[in-house]
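What follows is a set of notes on a single structure, which appears directly below.
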Amino acid sequence: MSAEKTPIDGSSSANTLLQLHQLLTSCSKSISGGNFSQSQTSVSKLINFLDSVSDASISELEPGAKENALKILSGIYEFLCSPSLNQENIDALSFELPKSASKFAGVSPQCLEISDNIIHRFIEKCSPRDMLPILCEALDSPNKTVQAATYVCPLISGLSDVFISLQRRHFEQIKVAVPVVVKVVKAISTESDYEDTELETLFERIVVNALSIQTVCRKLEDGENEKLQALLGLYVLQILALVSVSRNYLHFALRLASILPYSGISGLGLITGYSVDTMSHIVIGEDEEDCSSFSSHVYLGASLSVVWAQKHDEFAQAAKFDFDAIKTELQNNPTKRWQAVGMLKHVFASIDLPWEFKRYTVDFLLYITSGDISNKLGHNDCSLYMTSLFSSLQALTMIIIYASDTVLRKNAFEALKRVLGDIPNSQRFDILKALIKNSDSSSMVAILLDLVRGEMHRERILRTSLQKNEALEADSKTCQSTLFWSTSILELVESVLRPDTGGPPILPDNSDAVLSALNLYRFVLMTEAAGKA
């Protein structure tokens, strides 16, 4: 039952406390009397009164509002700790008071502490299994009148206490809470309206929350423990992504990194996606609805874990990553390298991450594609990874276009060329064609067409040398299977000069792309005329 918010009567704290005691007494009598309708009305009046006090104290519209808020909150806690208060009253108030108490958390550090105590009191006196959905519902109830970063802190700490207090079905119940927490923290961390101290308090609570799950894991038997460990791993990766997006907090990242080995996660498994897929299968199985609630930041966090290790040796040590071994394996194994490139698209494509992370990610990509990796391709087929490779390359083109740092743009372009060179000849043209057709930037289309022309020139030189060396005749079959010198090139030129939208390309907006397409067409004609194609 809803009611209009009850204004604070009078300006003195004495009048406010008197009104609180009257409302608490009314709630206690109606609940104990078994009158359901009357008890609902009494509780509703109490909650509206508390909301009016918290709103006034946060907005500071009334003199002495913060002092009143502290006294009111203290009065609530004293009431809940009263030996004469029966369980029936506590159970009835547990549905609404945790949410109202949390709204006071942003008033002052003292109010935050008392809000914590109130929620802890409910967890002590009520069933943890009942408190879990109550706290989740409170977390998932946005309220524009409160400071969200501090509002959720007591609720998240309450969940940490609940996790440890659960007696059975730990995995199933914690699995319900984790997506709720991630959703709320994601919404807060992507905003820029919060002070560093507020976000530090929030992430401190989140790290403790993850550690509470680790504590529960240690108490369980192998079967359920495996599931909860996998859930913990997915949770930590998502929080790591949010820490990176928010303020690049190294100290929180290091604490999260120390949890990763407990979930059986390896650095190589993270950067190739294997560990994420394994944990997701254990936690989610075939449930597509669950998959959507967990997948948003998991892969970003997995990719960022290796980037953090690239940035900070202490992160690699905390996570127990053998970083040199990871990079060597990726250099020597084309399949794992393609998987890693596909994972890095989550970093390249993120619009929330600081550019610093993208710079380190490009450096990592340059390292694993250094040397003569084309000789290590052998007869590998990257068909399974074409979609993810395309996404990563497309995200790299965005960095080339929009990065303000000249060195980053240059390195991203070099990484783009190396990844293209790492793709077998038979599939490289398809990737370049897709990048050109899906680019909205005339300058980027021009750059990609120039790369196509370079590939054609390289192929022509290779064909010429092969024809002069009969000993390499067998190898020439590989070159002959490429698609660069074919009618597909003319179709590619036509797609620029005669776009699908109809009519000629719009000039001067598309002048770079048109000029590059004409240069490519001229190159083809001249080569054909010279009989060298």
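Of note:
- For peptides 431-438, 267-274, sequence by mean Cβ density within 10 Å, most packed first: 267-274, 431-438
- With only Cα atoms counted, the chain has Rg and Dmax values of 30.4, 102 Å.
- At R0 = 25 Å, FRET efficiency that the Cβ-Cβ distance of His21 and Ser165 yields, to 0.05: 0.20
- Residue-by-residue Karplus 3J(HN,Hα) for segment 418-435, coefficients 6.51, -1.76, 1.60, Hz, glycine and proline x: 5, 5, 4, x, 7, 8, x, 3, 5, 10, 5, 4, 4, 5, 4, 4, 5, 4
- Taking label points 7 Å from Cα along the Cα-to-Cβ direction, Asp91 and Glu356 give a separation of 5.2 nm.
- Segment Ser84-Lys417, extension gain: residue separation times 0.36 nm, minus the distance between their alpha carbons: 112.4 nm
- Gyration tensor verdict on segment 60-209 (Cα atoms; rounded if a/c is under 1.5, prolate if a/b is larger than b/c, oblate otherwise): oblate
- Reducing segment 50-126 and segment 208-235 to their Cα centroids gives an inter-centroid distance of 31 Å.
- Between the alpha-carbon centres of segment 329-366 and segment 496-533 there is a gap of 33 Å.
- 30 Å Cα-Cα threshold exceeded, pairs from Lys29/Lys186; Lys66/Lys175; Lys183/Lys433; Lys29/Lys99; Lys327/Lys410; Lys336/Lys417: Lys29/Lys186; Lys66/Lys175; Lys183/Lys433
- Whether segment 23-110 is rounded, prolate or oblate, judged on the alpha carbon gyration tensor where a/c under 1.5 counts as rounded: prolate
- To put it simply, the accessible area of the chain at a 1.4 Å probe is 51 percent carbon and sulfur.
- 15 Å cut-off, amide nitrogen to a point 7 angstrom out along Asp500 Cα→Cβ, residues in segment 429-449: 433-441
- Mean accessible surface per residue for the chain, computed with a 1.4 Å probe while every protein chain stays in place, in Å²: 46 Å²
- In terms of its C-alpha gyration tensor, segment 392-448 comes out oblate, because a/c is 1.5 or above while a/b does not outweigh b/c.
- Calculated FRET efficiency for the pair Ser44/Gln110, C-beta based, R₀ 30 Å, to 0.05: 0.65
- All C-alpha pair distances within segment 159-211, sorted into 5 Å bins from zero, spread as 4, 17, 27, 23, 14, 9, 5, 2 percent across the bins.
- Computed from the alpha carbon atoms alone, the convex hull of segment 203-254 holds 59 Å³ per residue.
- Over all orientations, segment 10-49 has a Cα convex hull whose mean projected area works out to 2.6 square nanometres.
- The simple spin-label model puts a point 7 Å past each Cα toward its Cβ; for Thr190 and Ser383 those points are separated by 3.7 nm.
- Ordering of 316-329, 335-348, 113-126, 399-412 by packing [mean C-beta count within 10 Å, highest first]: 335-348, 113-126, 316-329, 399-412
The values are calculated or read from the model by the stated rules, or taken from the named source; none is laboratory data. Keep in mind it's a predicted model, so treat the numbers as computed, not measured. Don't worry about glycine lacking a Cβ; one is built from the backbone with ideal geometry, like all the others, and counts go over all protein chains shown. Heads up: the accessible areas ignore ligands, DNA and RNA and are worked out on the full protein's heavy atoms, side chains in. Shrake-Rupley method; radii C 1.70, N 1.55, O 1.52, S 1.80 Å.
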